[in-house]
Amino acid sequence: MSRLFRDVEGGPLCPQGSVVCIGAFDGLHLGHRALVRHAVARAQALGVPAVAVSFEPLPREFFGKAAPPPRLTLPRAKVEGLLALGVDHVGLLRFNARLAAISAEQFVREVLIARLQACEVWVGPEFRFGKGRAGDIATLQALGVELGYTADEIAPVLLDSERVSSTRIRAALSAGDFANAARLLGRPYAIGGHVIHGQHLGRTLGFPTANLRFGGKVPALSGIYATRVHGVGARAWPSVSSFGTRPTVDGVEPLLEAHLFDFDGDLYGRRIEVEFVAKLRDEEKFPDLPTLVAQMHRDATEARRLLMNEQQRATA
């Protein structure tokens, strides 16, 4: 049975041994997928569990609290994605002051050996770990000789002669280049979550929305978008979405608001996924609600047009 664990402390999880892969896995792009699939294949060959180890918050979020970096994937989506790739256990370790202070050797002894009984460890290119990022693949290999496991890194996954990375995907999303982001991810970029109650202002203005929070994280994109919503019916539902802080109505927390075209139903509490297709414009503050509503109508018309054209190209 698949299992999620959060703590460094605790008893052995894999007494028969394991194959471990480690990474931030933000976005689960083509490079991450290659690493995880390789670890899963090695685990199957050895007849032991495959374990993916990541962190929450991500180390760069912990150390950059004043200006957190953008996130591609929320924790739940990351865990679900890793399990879907075939891992048996996911370690979403709480990255706190204690874990930040653990040396590379301590991490190996306490997590990889005492907790996971690793027999193989796999990482991506340029992997660093431990206090001060002092550990690397050479550290893993040297300790492996002493502790009885092997360690190696997979070759980088290249696209257009450049390594696939979360940084490239964030840049593509920021530029509204969803086609390139999808190539790097291996799938269209989407954000999922449970629909929550908002201020119900959209319904008052004639644009009811399904609202998703972004878990207190900083999103990698903001603005108004042509989108598709999955999880509502048998097909992806065409929609127009706003993702941002809603400056006209003095919003603060980033909120993803999807208006589903020609939809009449209650989505509260349902888990949906909003797929981004094209950016219409940046978020802006309007002088009053009538001006905002007029722009919302223009956005909806443009989103319908873009989605219809894209569908026609796909079926041509």
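The values are calculated or read from the model by the stated rules, or taken from the named source; none is laboratory data. Please read these numbers as outputs of a predicted model, since none were measured by experiment. Positions of Cβ are generated from backbone atoms using ideal geometry, with glycine treated the same way; all protein chains shown enter the neighbour counts.
Residues that are at negative phi and within 14 Å of the chain's Cα centre (by Cα) number at least 3 in the following helices (runs of 4 or more DSSP H) confined to region 40-111: 75-84. Checked against (1) closer than 25 Å to residue 23 by Cα; (2) modelled with pLDDT under 95; (3) among the hydrophobic types (A, V, I, L, M, F, W, C), residue 184 passes all but condition (2). Yes or no: residue 188 surrounded by fewer than 18 Cβ atoms within 10 Å (Cβ to Cβ), closer than 30 Å to residue 111 by Cβ and not small (Gly, Ala, Ser)? No.
Residue 140 passes every criterion in (1) at negative phi; (2) part of a helix (DSSP H, G or I); (3) surrounded by fewer than 18 Cβ atoms within 10 Å (Cβ to Cβ) apart from (3).
Taking first residues from region 223-234 that are in contact (Cβ under 8 Å) with a residue 40 or more places away in the chain and more than 16 Å from residue 310 (Cβ to Cβ) and partners that are in a loop (DSSP other than H, G, I, E, B) and of a type in the set (Asp, Glu), the Cβ contacts under 8 Å between residues at least 6 apart in sequence or on separate chains come to 223/282; 223/283; 224/282; 224/283.
Can you tell me which residues in region 126-159 are in contact (Cβ under 8 Å) with a residue 12 or more places away in the chain, more than 15 Å from residue 105 (Cβ to Cβ) and among the charged types (D, E, K, R)? Correct list: 152, 153. Restricting region 254-277 to residues that are of a type outside the set (D, E, K, R) and surrounded by fewer than 17 Cβ atoms within 10 Å (Cβ to Cβ), the residue that is nearest to the chain's Cα centre (by Cα) is 269. The criterion of at least 3 residues that are in contact with a helix residue (DSSP H, G or I) (Cβ under 7 Å, 6 or more places away or on another chain) and hydrophobic (A, V, I, L, M, F, W, C) is met by the following strands (runs of 3 or more DSSP E) wholly inside region 216-289: 271-281. The set of residues from region 128-157 being farther than 14 Å from residue 118 by Cβ, in contact with a helix residue (DSSP H, G or I) (Cβ under 9 Å, 6 or more places away or on another chain) and aliphatic (A, V, I, L, M) comprises 134, 154, 155, 157.
Taking the conditions exactly as written (closer than 30 Å to residue 160 by Cβ, in contact with a helix residue (DSSP H, G or I) (Cβ under 9 Å, 6 or more places away or on another chain) and not small (Gly, Ala, Ser)), does residue 69 satisfy them or not? Spelling it out, residue 69 is indeed closer than 30 Å to residue 160 by Cβ, in contact with a helix residue (DSSP H, G or I) (Cβ under 9 Å, 6 or more places away or on another chain) and not small (Gly, Ala, Ser).
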